[in-house]
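Presented below is the structure to which this report refers.
The values are calculated or read from the model by the stated rules, or taken from the named source; none is laboratory data. In this text, all values refer to a predicted model and were calculated from it rather than measured experimentally. SASA here: full protein model, heavy atoms, side chains in, ligands and nucleic acids out. Shrake-Rupley method; radii C 1.70, N 1.55, O 1.52, S 1.80 Å.
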Amino acid sequence: MPLYRDEAIVLRTHKLGEADRIATLLTRANGKVRAVVKGVRRTSSRFGARLEPFSHVDLQLATGRTLDVVTQAVSISAYGEGIVNDYARYTTGTVLLETTDRLVVEEKEPATQHHLLLAGALRVLSTGEREPALVLDSFLLRALAISGYAPSFGDCARCGEEGPHRAFNPASGGVVCATCR
């Protein structure tokens, strides 16, 4: 079983058996990884709350046949503390995690930009530096741009007429001129 080490943000977890969980992680170098965390649901677990959603951790993983296995976890930042106590921050945070989970489709493919963007958004969200709605809007626009779905803000998204334009049409993919509006 070859081992590898990577930074990760926990996107979500699922129960597996009586004491284990499957964690979906967004790692810095290996992209999205699904890994088994053995014994995490026991009271004597050595992993404890380090592998809960919103956690930024340094992991050592063993490569498995279908799922990797977490062998070591060290907390880098516990963003959950500042997020779960406020409803607006919590709902925004869950949207950030779910959006990242949906946009990063391929497992084991590097997703460094998504990782850095999510880590930054969770940091700002947990400290309360900005309003949750602003963090969410900024994150969504940047995440879509990284994934190749960036809306057009200069020229008309329908006919290509040079802007600036005042109307925005999400179905068209960006701003539209007065004629296409």
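Some notes on this structure:
- Condition met for Y90 (under 18 Å from the mean Cα position of the chain (by Cα) and farther than 30 Å from V37 by Cα): no
- Of all residues in the range 104-115, those that are of a type in the set (A, V, I, L, M, F, W, C), within 16 Å of R12 (Cα to Cα) and more than 9 Å from the chain's Cα centre (by Cα) total 1.
- Pick from the range 1-20, criterion open to solvent by less than 50 Å² (accessible area, probe 1.4 Å) and among the acidic types (D, E), ranking: farthest from I76 (Cα to Cα): D20
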